[in-house]
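The values are calculated or read from the model by the stated rules, or taken from the named source; none is laboratory data. Note that the structure is a prediction, hence the values are computed from the model and not measured. Note that each Cβ is placed from the backbone with ideal geometry, even for glycine, and that neighbours are counted across all protein chains shown. Side chains included, ligands, DNA and RNA excluded: accessible areas come from the protein's heavy atoms. Shrake-Rupley method; radii C 1.70, N 1.55, O 1.52, S 1.80 Å.
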Amino acid sequence: MSGLETAIRNALERSERSNAEVRARIYQSARQALENGLKKQEIEDPEIIAKQRHRLEAVIHAIETEERAALKARVASPVVSLADVKGKGDAAARDSAAATAPVQQEPGFRAEARPVSTGDGGLGVLGALRPERDGPRLSSPPVAGDEKSTDAGTPGSSAPDLGVTEKRPRKRRRGRLLSLVMVVATLAAAVGAGAWWVQTNDLLKSPAERDTNIANPPAVVETEDFPAAAGLPTLGAQEGFSGDWIEVFTSADAAAIKPGARASAEPFDDDGGERIRLTSAAAAKEGEVAIDIPADVLAELSGKSSTLALSVQALPGKTTEFSVECDFAALGACGRHRFTAHDERVDMLFKISFDGDVAPDGSGKLLINSDVSGAGNSLDLFAIRVLPGQ
């Protein structure tokens, strides 16, 4: 699981991580990668599969919490220009250097500025040039005839400070080169990790190329488990719905709920709002909760591709994976969809399509199992809405 967590964080680093939809697509890709890995390893134990899915959802939840906190911190923190910081740092460095460094003068200038006494046999000039003896010496011996120009402070004399000033740009260039090498190495490591993740999960191969052991049958739509939301984004509860959405079920419609033999539905009304708490003690049919869908709503879905939205939330501090199925009388079924709910209210969306102009002969049912692992985790249901297609 640490490999998927690393891959998720690397993908967020290379993407527009402040966009919630981009992060949702990355999390969905990680879920699909886990499913492919379990199938590739031929793991069929439901308990092991459920644990792996729960662990991945916990990792995704932790990463999403970090991303939201980092986004709030970036919005709250003042933006400081890098040029201002660098300018203040350079100014402080210059002030500190000016306060601590001893005052030095060029020997040649000192020789010209100091008056030369004629009574000491030329010692005044030698004393004026004495600092040159403490500076760096030339590697080659002095040429005859240059001593006079050196003693006189002419341009032919060697200034020790020039060697120091020539070395400073080289140090800066060396530091910049080291920084560039570190940046390139970091980018190369990130690209390598992303390539390894893509290669490991065979994301660049077609479905026919990924499975070379048996012949792949033609792709058909069956009433099996599908990935959560079928690629559709989730809507936050604060975003609301437009007037085109039809409200199929609310917490006031408790009479429309029929729990199975090993399921229960209890109304709740507290600070979290009005809702129905669904609890399934089994992963089979007896653990499902049936919710009636009126015939007039089914008539709006006939012959169209529509969107169904469930406003749900897990219990505080809990995570549950639940399933949704359709039994819409003459219209047929819509497959089995799985979702993972956390302890925050969210709207789960998925597509339902019914071809032809078959008229419904009665009401239908929406079947919900609050915990497909059979552990008995509960799910709070706030509302069910549908957006009919055109």
With r as the distance between the Cβ atoms of residue 40 and residue 252 and R0 = 51 Å, compute the FRET efficiency 1/(1 + (r/R0)^6) and round to 0.05. 0.65
Pairs from 258/365; 304/351; 51/318; 258/318 whose Cα-Cα separation, in the structure shown, is over 18 Å: 258/318
Computed log₁₀ I(q)/I(0) - Debye formula, equal Cα scatterers, no solvent, the range 1-63, q 0.22, 0.23 Å⁻¹: -0.88, -0.94
Please give the FRET efficiency for residue 296 paired with residue 274, using the beta carbon to beta carbon distance and R0 = 35 Å, rounded to the nearest 0.05. 0.90
Can you give the extra length, in nm with one decimal, that the chain gains between residue 176 and residue 307 once fully stretched, where that is 0.36 nm per residue apart less the Cα-Cα distance? 41.7 nm
Kindly report, to the nearest 10 Å², the accessible surface of residue 285 as traced by a 1.4 Å probe over protein heavy atoms only. 120
Paramagnetic label zone (point 7 Å from Cα along Cα-to-C-beta, residue 245; backbone N under 11 Å) in the range 293-316: 308-312
Ordering 184-193, 300-309 by per-residue average of other C-beta atoms within 10 angstrom, highest first, gives 300-309, 184-193
Working out 0.36 nm times the residue gap between residue 261 and residue 68, then minus their Cα-Cα distance, what length gain in nm do you get to one decimal? 65.4 nm
